[in-house]
């Protein structure tokens with residue numbers, strides 16, 4: 001039903017405007033949903049073990065939000081799915097003060113340290129318009145399994161709207177700015193983030209990208225963790 005309403009609203013600007021007025025508060029540029037949307041649609045479904053009561057969930061009913069088993073949302077985390085789906089798979093941890101604006105997909109065992117920003121969107125630039133009137137483009141961000149992001153890192157979707165992918169078991173250093181893909185089993189740091197180390201499965205150690213053996217890309221690494229068990 002929600003998909004049908006969303007599809008119909010996209011074709012009717014007047015209906016879309018009316019629905020947005022029903023969902024969001026009256027204050028200009030306010031992203032928070034109205035109290036009855038929270039009470040009827042968000043609280044019963046999403047407020048469960050693993051979500052700190054000090055977090056802020058700006059969730060709309062026409063996009064998805066999913067929190068997997070054993071995942072944790074710490075205090076002062078902001079999650080907004082107004083632009084697109086926000087998916088957190090099993091055993092994902094978001095540290096204190098993180099901001100996640102969809103579309104964003106965090107695969108299993110992803111870890112976000114404190115104050116990480118993940119923005120699945122890009123603002124346009126128009127010198128004539130105020131910034132809150134400039135067009136916004138969706139730019140999905142995907143963190144593959146077991147990626148870990150250091151404190152204060154900013155991850156921004158690509159300007160062309162194509163998915164930005166951080167590969168499996170990649171590591172991003174603190175206060176980095178990520179604006180392009182990061183390959184699996186690598187370490188990236190800086191602004192903009194660049195790869196400084198990759199894992200060599202032949203030598204079994206971290207090496208500079210220029211030193212990695214060519215045959216390593218065909219070797220599947222061993223499992224580095226054990227899944228958590230139900231209580």
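The values are calculated or read from the model by the stated rules, or taken from the named source; none is laboratory data. This one's a predicted model, so the numbers in the text were calculated from it and none came from an experiment. Heads up, the Cβs are rebuilt from the backbone with ideal geometry, glycines too, and the neighbour counts pull from every protein chain shown.
Here are the numbers for the structure shown:
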{"read-out": "Conditions (1) surrounded by 15 or more Cβ atoms within 10 Å (Cβ to Cβ); (2) touching a strand residue (DSSP E or B) at 6+ places or on another chain (Cβ under 7 Å): number failed by residue 109", "value": "(2)"}
{"read-out": "Residue identified as over 19 Å from residue 161 (Cβ atoms) and under 11 Å from the mean Cα position of the chain (by Cα) among 104, 110, 96", "value": "110"}
{"read-out": "Number of the condition not met by residue 151 [criteria: (1) assigned to a loop (DSSP other than H, G, I, E, B); (2) more than 22 Å from residue 108 (Cα to Cα)]", "value": "(2)"}
{"read-out": "Residue, surrounded by the fewest Cβ atoms within 10 Å (Cβ to Cβ), within region 141-189, restricted to residues that are under 21 Å from residue 84 (Cα atoms) and more than 15 Å from the chain's Cα centre (by Cα)", "value": "160"}
{"read-out": "Matching helices (runs of 4 or more DSSP H) fully within region 1-112 where at least 2 residues are at pLDDT 90 or above and within 28 Å of residue 143 (Cβ to Cβ)", "value": "none"}
{"read-out": "Residue in region 191-231 that is modelled with the highest pLDDT, counting only those that are more than 30 Å from residue 90 (Cβ to Cβ) and in a helix (DSSP H, G or I)", "value": "209"}
{"read-out": "Residue check for residue 126: surrounded by fewer than 19 Cβ atoms within 10 Å (Cβ to Cβ) and touching a helix residue (DSSP H, G or I) at 6+ places or on another chain (Cβ under 9 Å)", "value": "yes"}
